[in-house]
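Novice: Take this structure, written in structure tokens, and hold onto it; I'll ask about it next.
The values are calculated or read from the model by the stated rules, or taken from the named source; none is laboratory data. The shown structure was predicted, so the numbers you read here are calculated from the model rather than taken from an experiment. Backbone-built Cβ (ideal geometry, glycine too); neighbour counts: all protein chains shown. Heads up: the accessible areas ignore ligands, DNA and RNA and are worked out on the full protein's heavy atoms, side chains in. Shrake-Rupley method; radii C 1.70, N 1.55, O 1.52, S 1.80 Å.
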Amino acid sequence: MIKKYYDSDCNLGLLDGKTVAVIGFGSQGHAHAMNLAESGVNVVVGLRKGSGHWEKASRFADTRPNFKVMEIEDAAKAGDVVMMLVPDELAADIYNTQVAPHMKEGNILCWAHGFNIHFNLVKPAANLDVIMIAPKGPGHTVRSQYLEGKGVPSLIAVAQDYSGRAKDYALAYACGIGAGRAGILETTFREETETDLFGEQ
């Protein structure tokens with residue numbers, strides 16, 4: 001029997017007082033960052049200054065006191081929770097060079113796809129939680145459904161549970177992007193990666 005989690009199973013309050021750094025502002029990035037901010041979470045977006053998304057993210061930041069745009073290294077420093085939402089083929093390099101040096105003990109490293117962890121392209125420090133929150137839909141749908149008061153179902157997984165509460169954090173994050181309205185299912189990094197790659201073939 002597969003258990004489905006909903007908002008009532010999630011404690012969004014776990015993110016109170018924490019800063020979520022969303023690295024990237026593309027399809028999933030803009031949806032996660034905006035939805036989290038509108039759920040009351042403190043969000044910083046990490047981008048390369050002058051990148052195409054900088055202006056778009058800054059316009060949203062002008063309307064929200066709990067939303068800031070900064071360079072990747074600064075966002076990584078500011079984040080207690082760091083969500084990597086850059087393309088898979090760039091993620092390992094960006095994480096290893098610009099994010100990892102700023103990760104602190106007890107930080108939570110998040111992914112929306114298991115690829116880089118499953119294939120050991122990123123080897124996170126042992127003193128981090130490593131989790132996945134993977135909405136089963138494109139970013140524009142994650143955003144539009146949230147704005148309609150609905151959500152897109154999401155998968156969550158835990159690769160590393162340093163705090164003993166990694167799954168609770170994954171549920172809280174999923175709730176913050178609206179997934180708890182539609183249903184959250186638990187999987188593993190391996191299963192998510194292999195089914196995703198299989199589906200792309």
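Novice: Can you give me the Rg/Rh ratio for region 159-198, using Cα atoms for both radii and the Kirkwood formula for Rh?
Specialist: So for region 159-198, dividing Rg by the Kirkwood Rh gives 1.03.
Novice: Can you tell me, using C-alpha contacts under 8 Å and at least 6 residues apart, the relative contact order of the chain as a whole percent?
Specialist: Across the chain, relative contact order equals 25 percent.
Novice: Counting only protein heavy atoms, what percent of the accessible surface of region 148-201 is carbon or sulfur at a 1.4 Å probe?
Specialist: 47 percent
Novice: Along each principal axis of its Cα atoms, how long is region 1-70 end to end? Whole angstroms, biggest number first, please.
Specialist: Reported extents, whole Å, longest axis first: 48, 26, 16.
Novice: If you consider only alpha-carbon coordinates, what radius of gyration and Dmax does region 56-201 have, in Å?
Specialist: 15.1, 43
Novice: Pop out the carbon and sulfur fraction of the accessible area of region 1-146 as a percent, whole number, probe 1.4 Å.
Specialist: Taking all protein chains in place, region 1-146 shows 52 percent carbon and sulfur surface.
Novice: If you don't mind, another one. Any idea of H102's accessible area? Nearest 10 Å², probe 1.4 Å.
Specialist: 40 Å²
Novice: In addition: Please give the peptides 119-129, 26-36 ranked by average Cβ packing (other Cβ atoms within 10 Å per residue), highest first, as a rough proxy for protection.
Specialist: Listed from highest to lowest mean packing, they are 26-36, 119-129.
Novice: Given a 1.4 Å probe and heavy atoms of the protein chains only, how would you sort W111, W54, largest accessible area at the top?
Specialist: W54, W111
Novice: Pairs on different chains or at least eight residues apart, Cα atoms closer than 19 Å: how many lysine pairs in region 46-166 fit?
Specialist: The result is 8.
Novice: Accessible area per residue for region 151-192 in Å², computed with a 1.4 Å probe and the full protein assembly in place, what is it?
Specialist: Result: 36 Å² of accessible area for each residue.
Novice: Could you work out [θ]222 nm for the chain from helices alone, using -39500 (n - 2.57) per DSSP H run of at least four and dividing by all its residues? Round to the nearest 500 deg cm²/dmol.
Specialist: Helix contribution divided over all residues of the chain: -10000 deg cm²/dmol.
Novice: Note down the magnitude of the dipole of the chain about its Cα centre, charges +1 on Lys and Arg C-beta and -1 on Asp and Glu C-beta and zero elsewhere, to the nearest 20 debye.
Specialist: 380 debye
Novice: Could you do me a favour and compute the accessible area per residue for region 1-85, 1.4 Å probe, result in Å²?
Specialist: Result: 46 Å² of accessible area for each residue.
Novice: Kindly rank 186-195, 79-88 from highest to lowest mean number of other beta carbons found within 10 Å of each residue.
Specialist: 79-88, 186-195
Novice: Mind ranking 172-180, 11-19 by how tightly packed they are, going by the mean number of other C-beta atoms within 10 angstrom, highest first?
Specialist: My ranking of the peptides, most packed first, is 172-180, 11-19.
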